[in-house]
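The next block holds one structure in the form of structure tokens; read it before the comments.
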Amino acid sequence: MRTYFVYILKCSDNTYYTGITSDLMGRLESHQKGKYRDSYTYYRRPLELVYHCTFSDPNTAIMTEKQIKKWSKKKKEALIAGEFDKLPNLSKKNFSK
């Protein structure tokens with residue numbers, strides 16, 4: 001059975017990149033070496049792998065990657081820190097403004 005990884009990289013400019021792969025270490029190496037000049041991470045190296053999770057179903061992995069990419073920086077940081085209880089509140093709109 002093939003394994004799929006959704007991962008988050010912290011870039012040198014303190015932004016986050018979320019991706020999906022079936023070869024986590026190989027993909028991290030290609031990001032670090034700047035294999036793809038047009039990629040988001042190319043000019044933001046060095047990079048740090050700060051989060052990853054595994055899936056056996058590629059469709060679930062793809063859905064998860066797309067979901068995380070839409071999240072705010074604060075919500076991604078809560079996920080990275082393992083503060084799962086904060087995730088629902090970080091999804092809510094702030095209507096007090």
Candidate cut points under GluC sites (Glu not before Pro) in segment 1-90, DSSP loop plus at most 15 other Cβ atoms within 10 Å of their own Cβ, are Glu83
Looking at the chain, which longest stretch skips every one of the chymotrypsin sites (Phe, Trp or Tyr not before Pro) that is in a DSSP loop with at most 15 other Cβ atoms within 10 Å, leaving the sites themselves out?
-> 41-94
Rounded to the nearest 500 deg cm²/dmol, what is the calculated helix-only ellipticity per residue at 222 nm for the chain, with -39500 (n - 2.57) per DSSP H run of length n ≥ 4?
-> -9500 deg cm²/dmol
Taking Met63, Met25 and counting other beta carbon atoms within 10 angstrom, the fewest-first order is Met25, Met63
Along Cα→Cβ, 7 Å out, is where each label goes; now give me the distance between the ones at Cys53 and Leu90 in nm to one decimal.
-> 1.2 nm
Using R₀ = 35 Å, calculate the FRET efficiency as 1/(1 + (r/R₀)^6) where r is the Cβ-Cβ separation of Lys66 and Asp13; round to 0.05.
-> 0.95
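Within 10 Å of each candidate Cβ there may be at most 10 other Cβ atoms; applying that plus a DSSP loop requirement, which trypsin sites (Lys or Arg not before Pro) in segment 1-93 survive? The partial results should precede the final answer.
Working: sites: Arg2, Lys10, Arg27, Lys33, Lys35, Arg37, Arg44, Lys66, Lys69, Lys70, Lys73, Lys74, Lys75, Lys76, Lys86, Lys92, Lys93; in loops: Arg2, Lys35, Arg37, Lys70, Lys92, Lys93.
Qualifying residues, ordered by number: Arg2, Arg37, Lys70, Lys92, Lys93.
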Once the chain is represented by equal point scatterers at the alpha-carbon sites, with solvent omitted, what log10 I(q)/I(0) does the Debye formula produce at q = 0.10, 0.15, 0.16 Å⁻¹?
-> -0.29, -0.63, -0.71
Mind telling me which of Thr60, Thr21, Thr41 comes out most flexible in a GNM of the chain, alpha-carbon contacts under 10 Å?
-> Thr60
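Rule-based calculations on the coordinates, nothing more; no lab input. The structure presented is a predicted model; accordingly, all values stated were derived computationally and were not measured. In this analysis, Cβ positions are derived from the backbone assuming ideal geometry, glycine residues included, and neighbour counts consider all displayed protein chains.
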